[in-house]
Every structure is written in structure tokens, then in C-alpha cells.
Amino acid sequence: MTAIIDYDAGNIKSVEKALQALGEEAVITRDRNVLLHADRVILPGVGAFGDAMGKLHLYGLIEIIHEIVNRGTPFLGICLGLQLLFEKSEESENVAGLGLLQGEIIRIPESNGLKIPHIGWNSLNFPHEGRLFKGIEEETYVYFVHSYYLKAADEGIVKATTEYGVTIHASVEKDNLFACQFHPEKSSEVGLQILRNFIAV
């Protein structure tokens, strides 16, 4: 069973539907016992970094997330969920992130011809082999919606990148922690394969 963390963020139902399409039992919850006993956990979301951290605090989910990760349960952050795993974001400068991974979230710089937020399909490059991308070819396109991007402190954890004016760290993996800046649940068959690979971890 896969638990999807409920902290009032947008886009949670589409993750649930994608998992159900794969035949995976999925539950949207903030119940401590359900989260701690799930086979795997997903932190999805779209929205603002500071607001999201505030909701995680409000619902007592910060300690639970750390406990889940420390137990070795496979954990996937999606979009805002990726950003929250890190230490800080330029979007909310006085708000600490979860600090489970080292790096910072930076605003995509203004650049000729590039719209912000970045909305649409971009191709992935794989600087290091990642378990989420098993059976997926480089230059495959996935769907992004974001104005801020990850610059990980340790480039060894970066499993996928994309270009949008700058090199964006689009997916990371460290031990039982996985994260994607893009939306696998909105990335057609490729995205379903990424979720299938996560379920198989």
C-alpha cells in the first residue's frame, strides 16, 4: 500500500488516480499510524514553499516524515514535494525545509523567450543511473510546472536533469529517498513507468 501525505496541497488526487491505474492500493492520509505502516510514501503537491511547510507543521507531519525516512521506507517527493525535502528556498527565505537532503531551491532566472513559471514538456538527461528511470530512454519528455528549481549540493544524487535557461536537477535519489521536480502522474506512459519503478523499489 502506498500512502499519499495529505497536507491540503493541490494535485494530490491525480497522484492517487495514477497509482490506482497501476493497480496499486493508494490512500490519501495524514494519520500517523497509516503513514508509518505504509509500504511506501509519497509527498506530492503544488503551491508555495512557505505555505506548505506551515501546513506540515500544523498537521504534525514534520516528525512523522523524518521517522518514515529514518525507517528506510521508500519515499517519493513530487514537484513541491521535491523542494520541501531540501534545506531552504528562495521563495520563502525565512522558512526552513525538511532538511532531509542538502541543496537549495532557486528561482528560475529570467531569460529571453523563456516563460516563468516553466509549464510544459521537457526532455531528461541521466547523469547517473537511477532506479526510477529503469527501462526509460534518455531524452524522454516529462511534464513540468514550476518557477523554482533545485540545485543539489551533492551532484552524485542527481539522477535526471533538464535544461530551461539553466541546468535543472530534475530528479534525485539517495538511499530510500526519491524525488522528481516534474509530475510523473501527468507524464503519460513514461510517468506511469516511473511510478511503477518506485512501487517496485
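The values are calculated or read from the model by the stated rules, or taken from the named source; none is laboratory data. Here the structure is a predicted model, which is why all the values come from computation and not from measurement. Note that each Cβ is placed from the backbone with ideal geometry, even for glycine, and that neighbours are counted across all protein chains shown. The protein model used for the area step is the full one, side chains on, heavy atoms only, and it has no ligands, DNA or RNA in it. Shrake-Rupley method; radii C 1.70, N 1.55, O 1.52, S 1.80 Å.
For segment 114-128, does any single residue satisfy the condition of being touching a helix residue (DSSP H, G or I) at 6+ places or on another chain (Cβ under 9 Å), closer than 19 Å to LEU43 by Cβ and not acidic (Asp, Glu)? For segment 114-128, residues touching a helix residue (DSSP H, G or I) at 6+ places or on another chain (Cβ under 9 Å), closer than 19 Å to LEU43 by Cβ and not acidic (Asp, Glu): absent. Taking segment 138-148 as the range and being in a strand (DSSP E or B), surrounded by fewer than 22 Cβ atoms within 10 Å (Cβ to Cβ) and not hydroxyl-bearing (Ser, Thr, Tyr) as the test, only VAL145 passes.
Considering segment 67-95, and only residues there that are surrounded by fewer than 15 Cβ atoms within 10 Å (Cβ to Cβ), modelled with pLDDT of 95 or more and not small (Gly, Ala, Ser), the residue that is farthest from ILE42 (Cα to Cα) turns out to be GLU90.
Out of all the residues in segment 45-58, is one or more touching a Cys at 6+ places or on another chain (Cβ under 8 Å) and under 26 Å from ASN197 (Cβ atoms)? The answer is yes; a qualifying residue exists.
Yes/no matrix, rows are residues, columns are (1) at pLDDT 95 or above; (2) of a type in the set (S, T, N, Q); (3) closer than 22 Å to ASP175 by Cα:
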| position | (1), (2), (3) |
| --- | --- |
| ILE12 | no, no, no |
| GLU16 | yes, no, no |
| GLU25 | yes, no, no |
| LEU35 | yes, no, yes |
| ILE42 | yes, no, yes |
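Just wondering, is there one or more residues in segment 99-112 that are assigned to a loop (DSSP other than H, G, I, E, B) and within 19 Å of TYR143 (Cα to Cα)?
Just the residues of segment 99-112 that are assigned to a loop (DSSP other than H, G, I, E, B), to begin with: 99-102, 108-110, 112.
This time we only want the ones that are within 19 Å of TYR143 (Cα to Cα), so: 108.
Yes, the conditions are met somewhere in segment 99-112.
Screening segment 96-130 for residues that are open to solvent by less than 50 Å² (accessible area, probe 1.4 Å) and of a type in the set (Val, Ile, Thr) and picking the one that is farthest from TYR149 (Cα to Cα) gives ILE116. Figure legend. Inter-residue proximity from segment 118-138: first residues in contact (Cβ under 8 Å) with a residue 60 or more places away in the chain, second residues among the small types (Gly, Ala, Ser) and open to solvent by 80 Å² or more (accessible area, probe 1.4 Å), beta-carbon distance below 9 Å, spacing 6+ or different chains. Indicated pairs: ARG131/ALA200; LYS134/ALA200.
What about GLY60, is it among the small types (Gly, Ala, Ser) and either modelled with pLDDT of 95 or more or crowded, with 21+ Cβ neighbours inside 10 Å (or both)? Spell out how you get there, then give the answer.
Numbers: among the small types (Gly, Ala, Ser): yes; either modelled with pLDDT of 95 or more or crowded, with 21+ Cβ neighbours inside 10 Å (or both): yes.
Yes.
The condition (being at pLDDT 95 or above and in contact with a Gly (Cβ under 9 Å, 6 or more places away or on another chain)) is satisfied by just one residue among VAL190, VAL172: VAL172. Against the list (1) open to solvent by 40 Å² or more (accessible area, probe 1.4 Å); (2) among the small types (Gly, Ala, Ser); (3) free of Cβ contacts under 8 Å to residues at least 40 places away in the same chain, the condition ALA38 fails is (1). Kindly provide the set of residues from segment 159-193 that are within 21 Å of LEU114 (Cβ to Cβ) and of a type outside the set (Ser, Thr, Tyr), ordered by number. Passing the criteria: ALA160, GLU163, GLY165, VAL166, ILE168, HIS169, ALA170, CYS180, GLN181, PHE182, HIS183, LYS186. Taking residues in segment 71-85 that are without any contact (Cβ under 8 Å) to a residue 60 or more places away in the chain, and partners anywhere that are open to solvent by less than 10 Å² (accessible area, probe 1.4 Å) and in a helix (DSSP H, G or I), the pairs with Cβ atoms closer than 8 Å and at least 6 places apart or on different chains are LEU84/PHE49; LEU84/ALA52; LEU84/MET53; LEU84/LEU56.
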